[in-house]
1. Answer yes or no: is there a residue in the stretch 192-204 that is of a type in the set (Asp, Glu) and surrounded by fewer than 18 Cβ atoms within 10 Å (Cβ to Cβ).
2. Would you check which residues across the stretch 300-314 are in a helix (DSSP H, G or I) and at pLDDT below 95 and list them?
3. For residues that are farther than 16 Å from Tyr193 by Cα and surrounded by 14 or more Cβ atoms within 10 Å (Cβ to Cβ), tally how many sit in the stretch 214-249.
4. Which condition breaks for Ile211 when tested against (1) open to solvent by 20 Å² or more (accessible area, probe 1.4 Å); (2) under 21 Å from Ile312 (Cβ atoms); (3) part of a helix (DSSP H, G or I)?
5. Looking at the stretch 25-83, which of the residues that are touching a residue at least 40 places away in the same chain (Cβ under 8 Å) and charged (D, E, K, R) is nearest to Thr114 (Cα to Cα)?
6. Quick check: anything in the stretch 147-163 part of a strand (DSSP E or B) and touching a helix residue (DSSP H, G or I) at 6+ places or on another chain (Cβ under 7 Å)?
7. Let me confirm something: among Thr169, Thr114, which residue is among the hydroxyl-bearing types (Ser, Thr, Tyr) and touching a Pro at 6+ places or on another chain (Cβ under 7 Å)?
8. Give just the number: which of (1) under 22 Å from Asp304 (Cα atoms); (2) in a loop (DSSP other than H, G, I, E, B) does Asn105 not satisfy?
Amino acid sequence: MVHASNILQDLDTTNYNWLITGVGGFIGSHLLEYLLKRNQQVIGLDNFSTGFKSNIEEVTKKFEPNYIEKNFRLIEGDIRDLSTCMEASKAADFVLHQAALGSVNRSIDDPISTNENNLNGFLNIMRASENNKVKRVVFASSSSVYGDNEKLPKTEPNIGNPLSPYAATKLMNEIYAHVFSENYGIEYIGLRYFNVFGERQDPKGDYAAVIPLWIDSVVNGNEVFINGDGETSRDFCFIDNVVQANILSALTDNKDALNQCFNVACGSRITLNQLLSFIIDITKKLIDLQEDPKISFRDFRKGDIRHSLASIDAAIKMLTYDPKINVREGLEKTISYFIQQNGENR
């Protein structure tokens, strides 16, 4: 089997055309940066309902304007529109489908919009990719598909009943991908992300993820809220590892890896209490905190699972996935970024 480093080196010698949906989002913008650094041709699609043009600008300003003009095209459009998906994917070799309405909580508050974006939008991307003869679709699934299955670690064949509309849409994405593969011959790989974090993750809003929310609170001396008793545990995964998994999935020549879904995580877990302790400790080393933040405990949230831990054996074996950055190192990079951004925005 070809080693990961050899697969990734292929980008240095071969030019491909890529479509990134949700390119203005946290994960999408990191995929954009990675590919532009390797002289790839990228089309980005986003309606900016949850993504940000500032994320794209932060990436593109690292390159010369004429390089961006040659290598990147942004389509401001909606995956819920099939004609837009057709246009965006017509020259693509690979589709990295990240566009979705995230958040378990949001899906409970608004299941209709979650379904329209995450399921109908997904079908449009698959239909357009099949029509335009895209080589492969790599799409963002979720650890939420494991639902009420409490067995740890989470292994790909053993999912459970979904606990939220968001989880249901992600499970249906996997089912539809299989159906499209069987009926139309399209290649796919689904990636079940486990609690991704890193630079450019939005700390604002009602549905902000826990790590950027807590970093923002600690850095600015605000109260930190923990849902439950803090002993809930998660397998947190730094963004660079997720980017690696996407590129490996697109470029792998391992036929046994095709038309399957893989966990993308670090294969270790920490509790929320431990996570907050890490964030406070790292922040103290970077800036002068006057005092530790006030910590308040609230009720558990609907749809949340108690513990999560991924087996990444399948991704290691089939994709040569190699998560190089652990939680502590990833937090150091993320907190440094947030402190810098916080200073620039004052």
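1. Scanning the stretch 192-204, I find at least one residue that is of a type in the set (Asp, Glu) and surrounded by fewer than 18 Cβ atoms within 10 Å (Cβ to Cβ), so the answer is yes.
2. none
3. 13
4. Just one mismatch for Ile211, condition (1).
5. Step by step, filter the stretch 25-83, then rank; the result is Arg80.
6. Yes, that holds for at least one residue.
7. Thr114
8. The single condition Asn105 does not satisfy is (2).
The values are calculated or read from the model by the stated rules, or taken from the named source; none is laboratory data. Since we're looking at a predicted model, the values are computed, not measured. Positions of Cβ are backbone-derived with ideal geometry, glycine not excepted, and every protein chain shown enters the neighbour counts. For the accessible areas, the whole protein counts, side chains as well, though only heavy atoms, and no ligand, DNA or RNA atoms are used. Shrake-Rupley method; radii C 1.70, N 1.55, O 1.52, S 1.80 Å.
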